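Notes for the one structure printed next.
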Amino acid sequence: MTVIGLFRTNRRRFSLIVGLIILSTIGMTLGSYVLTYAINGLKAGRIDLFAWNLVAMISSMLVGFGSDTLGSYLFSRQTQQYLHVIRERLVRGFLVSGNQSTAKMQNTLTNDLRILAADRAHSWLTLFTQSLGFVFYSVALLTFHWSLLVLVLVLTGIMLWVPRFLTARLQVATNRVSTSNNAYLESISRWLGGLAEIKRYAAQSKLFKVLQNTGHDLEDSTVHRTATISQLDIVNITFNVCSQLIILSFVGFLITQKMVMFGVIVSAGNFTSLIFGSVVQISNALGTAKSTQILSRQVQTQLDAVPEVKATADTTDLPIIQSIVGQGLCLKYATDEVITYPDFVIRRGEKILLTGDSGSGKTTLFKLILGELQPTQGSIRFLDKQGQPIERVPELFGYVPQESVLFPVTIGQNITMFDSKLDDQVPNIVRDVALDGDLAKMAAGIDTVVDLNNLNISGGQMQRIVLARAQIHDCQLLLIDEGTSAIDRANTLRALHSLLRKDNTVIFIAHHFDQSLVDLFDRTIQLSK
């Protein structure tokens with residue numbers, strides 16, 4: 001999060017915010033300054049002078065408060081728009097790289113950005129607003145007597161130096177909140193993902209204990225950070241009160257020496273309060289902004305790693321995969337378990353049935369083909385008609401995982417994945433995957449919204465929706481991992497007949513296929529441990 005990035009989000013609005021802050025400061029300064037002449041008029045018995053100056057003071061203050069309120073509102077809009085840009089880039093980076101846990105991304109998108117918005121962006125606003133106020137209020141004091149400004153500057157220097165020892169502690173405390181929140185989200189992700197198993201084996205006590213431990217750490221880190229901020233406030237406020245007493249005492253001395261007007265006692269007190277109030281806020285804002293430096297650098301590192309947006313590839317311009325070649329392919333896990341694959345060549349348009357015992361590496365092979373895993377040894381190459389290697393482009397692949405992934409939108413949108421150009425093909429595709437009969441029984445048909453909380457479709461229907469999605473996008477290479485396990489044999493046969501008659505290359509993982517289903521494929525690749 002940077003000031004330049006905040007400015008570029010909406011340059012006109014940012015300029016307007018700066019203008020409103022300046023207008024607000026001028027209004028507040030004039031209001032306090034005119035008070036001197038109002039008090040002098042009252043002392044001299046000039047009620048008319050007192051009244052006119054009082055009207056001028058109130059008008060200036062209203063302009064100041066109004067401009068400040070509008071500026072704060074617009075700054076909040078500017079910040080939220082900037083955060084939207086950051087979130088969009090972070091999510092794009094997450095989609096491209098896929099090397100970050102979902103919990104960590106959730107922590108960044110929620111907790112980290114919330115801290116940066118509250119403690120960094122708004123600290124910048126405070127620094128600018130109060131620094132501007134400090135300058136205007138100090139110049140006003142200078143017009144009364146030069147010694148007042150000198151005394152204020154000396155006290156300000158001390159006031160800014162005193163709380164420095166708390167800044168480093170606040171930075172550590174802020175980083176600890178982010179780390180603890182990330183650990184808490186990781187625990188939720190890991191443990192609640194297996195909630196059914198926890199219920200089945202009555203292991204709720206362990207779940208509660210784990211979440212309680214990670215939750216306590218988050219609570220403690222948050223309380224510790226709040227306590228550090230409170231200590232910083234106490235130091236600043238204490239010095240503020242003492243400094244105002246010193247200034248007022250000195251003004252009293254100047255009045256007795258007839259070096260300043262009587263009305264200065266009120267205006268100087270008001271300006272002193274404003275000046276030291278600004279100093280307190282500047283000190284707090286500096287400490288708070290510095291406390292977010294590590295967090296800001298971490299988020300900025302993620303942003304810098306996001307590639308520039310590229311135009312969506314035209315599928316007509318994609319290279320043609322003529323063959324897939326696996327040579328010397330081997331993957332070694334951290335547990336020292338090793339999966340070794342036989343060499344293979346899969347030609348364009350072939351329909352391959354991939355079988356093997358559990359643990360033989362069928363799903364892992366798909367992840368190697370997709371580039372989600374890198375082999376320890378050997379390689380998988382994609383070759384064109386001339387035998388030249390082809391870069392792995394996401395648009396070339398279709399993947400149907402074991403667990404059907406659906407979204408809380410209509411069945412039609414789950415199939416087309418929001419590409420309206422494919423809408424006309426949906427009726428034929430749902431017939432191909434034997435989903436048309438199920439849709440006819442639903443009141444909304446293809447426009448039925450999938451309810452992910454209270455599933456309103458069966459496992460078999462989910463698989464056929466995902467199969468329809470894979471077919472309608474007509475990818476060159478289609479990888480299907482147990483894609484018909486929840487579908488009855490008759491509908492499986494119907495879906496496979498449609499799927500395997502197309503020109504694309506298909507690799508299908510399946511168990512327990514009878515011979516009539518096996519015969520639908522060109523050949524079988526058998527894996528073994």
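Please indicate, with yes or no, whether at least one residue in the range 270-288 is assigned by TED's automatic domain parsing to the domain that holds residue 124, part of a helix (DSSP H, G or I), at pLDDT below 80 and farther than 30 Å from residue 249 by Cβ. Give the steps one after another, and end with the answer.
From the range 270-288, those assigned by TED's automatic domain parsing to the domain that holds residue 124 are 270-288; that's our starting set.
Narrowing the set further to residues that are part of a helix (DSSP H, G or I) leaves 270-288.
Add one more test, that the residue is at pLDDT below 80, and what stays is 270-288.
So of that shortlist, the ones also farther than 30 Å from residue 249 by Cβ come out as 288.
Yes, because at least one residue in the range 270-288 is assigned by TED's automatic domain parsing to the domain that holds residue 124, part of a helix (DSSP H, G or I), at pLDDT below 80 and farther than 30 Å from residue 249 by Cβ.
Which ones in the range 327-347 are closer than 21 Å to residue 381 by Cα and not in a strand (DSSP E or B)?
Residues satisfying the conditions are 341, 342, 343.
Mind telling me which of the residues 322, 302 ends up being at pLDDT below 80 and among the polar types (S, T, N, Q)?
It is 302.
Filter the range 407-443 down to the residues that are of a type in the set (Gly, Ala, Ser) and touching a residue at least 24 places away in the same chain (Cβ under 8 Å), then identify the one that is surrounded by the most Cβ atoms within 10 Å (Cβ to Cβ). Show your work before the answer.
Restricting attention to the range 407-443, the residues satisfying the condition of being of a type in the set (Gly, Ala, Ser) are 412, 420, 434, 437, 440, 443.
Right, trim to touching a residue at least 24 places away in the same chain (Cβ under 8 Å) and you get 412, 434.
Numbers: 412: 21, 434: 23.
Looking at the filtered set, the residue picked out is 434.
Return the residues of the range 271-302 that are basic (Lys, Arg) and out of contact with any helix residue (DSSP H, G or I) (no Cβ under 7 Å at 6 or more places or on another chain); say none if nothing qualifies. Break it down stepwise before answering.
Let us first name the residues in the range 271-302 that are basic (Lys, Arg), namely 290, 297.
Of everything in the range 271-302, just one residue is basic (Lys, Arg) and out of contact with any helix residue (DSSP H, G or I) (no Cβ under 7 Å at 6 or more places or on another chain), namely 297.
Just give me the residues in the range 382-400 being exposed (fewer than 15 other Cβ atoms within 10 Å of the Cβ) and either of a type in the set (D, E, K, R) or in contact with a strand residue (DSSP E or B) (Cβ under 7 Å, 6 or more places away or on another chain) (or both), in sequence order. Even if it seems obvious, please write down each step before you answer.
If we filter the range 382-400 for residues that are exposed (fewer than 15 other Cβ atoms within 10 Å of the Cβ), which is where we start, we get 384-389, 391-395.
Within the range 382-400, 384, 385, 389, 391, 392, 395 meet the criteria.
When you go through 455, 435, 500 one by one, which is the residue that is within 30 Å of residue 391 (Cβ to Cβ) and assigned by TED's automatic domain parsing to the domain that holds residue 395? Give the derivation first.
Details: 455 fails: within 30 Å of residue 391 (Cβ to Cβ); 435 fails: within 30 Å of residue 391 (Cβ to Cβ).
Checking each option against the conditions leaves just 500.
So, in the range 349-358, how many residues would count as being surrounded by 13 or more Cβ atoms within 10 Å (Cβ to Cβ) and more than 11 Å from residue 507 (Cα to Cα)?
From the range 349-358, those surrounded by 13 or more Cβ atoms within 10 Å (Cβ to Cβ) are 349-356; that's our starting set.
Among the residues that remain, those that are also more than 11 Å from residue 507 (Cα to Cα) are: 356.
Of the residues in that region, 1 qualify.
The values are calculated or read from the model by the stated rules, or taken from the named source; none is laboratory data. Note that the coordinates shown come from a computational prediction; the quantities given were computed from them, not determined experimentally. Cβ sites come from the backbone with ideal geometry, for glycine too, and all protein chains shown count toward neighbours.
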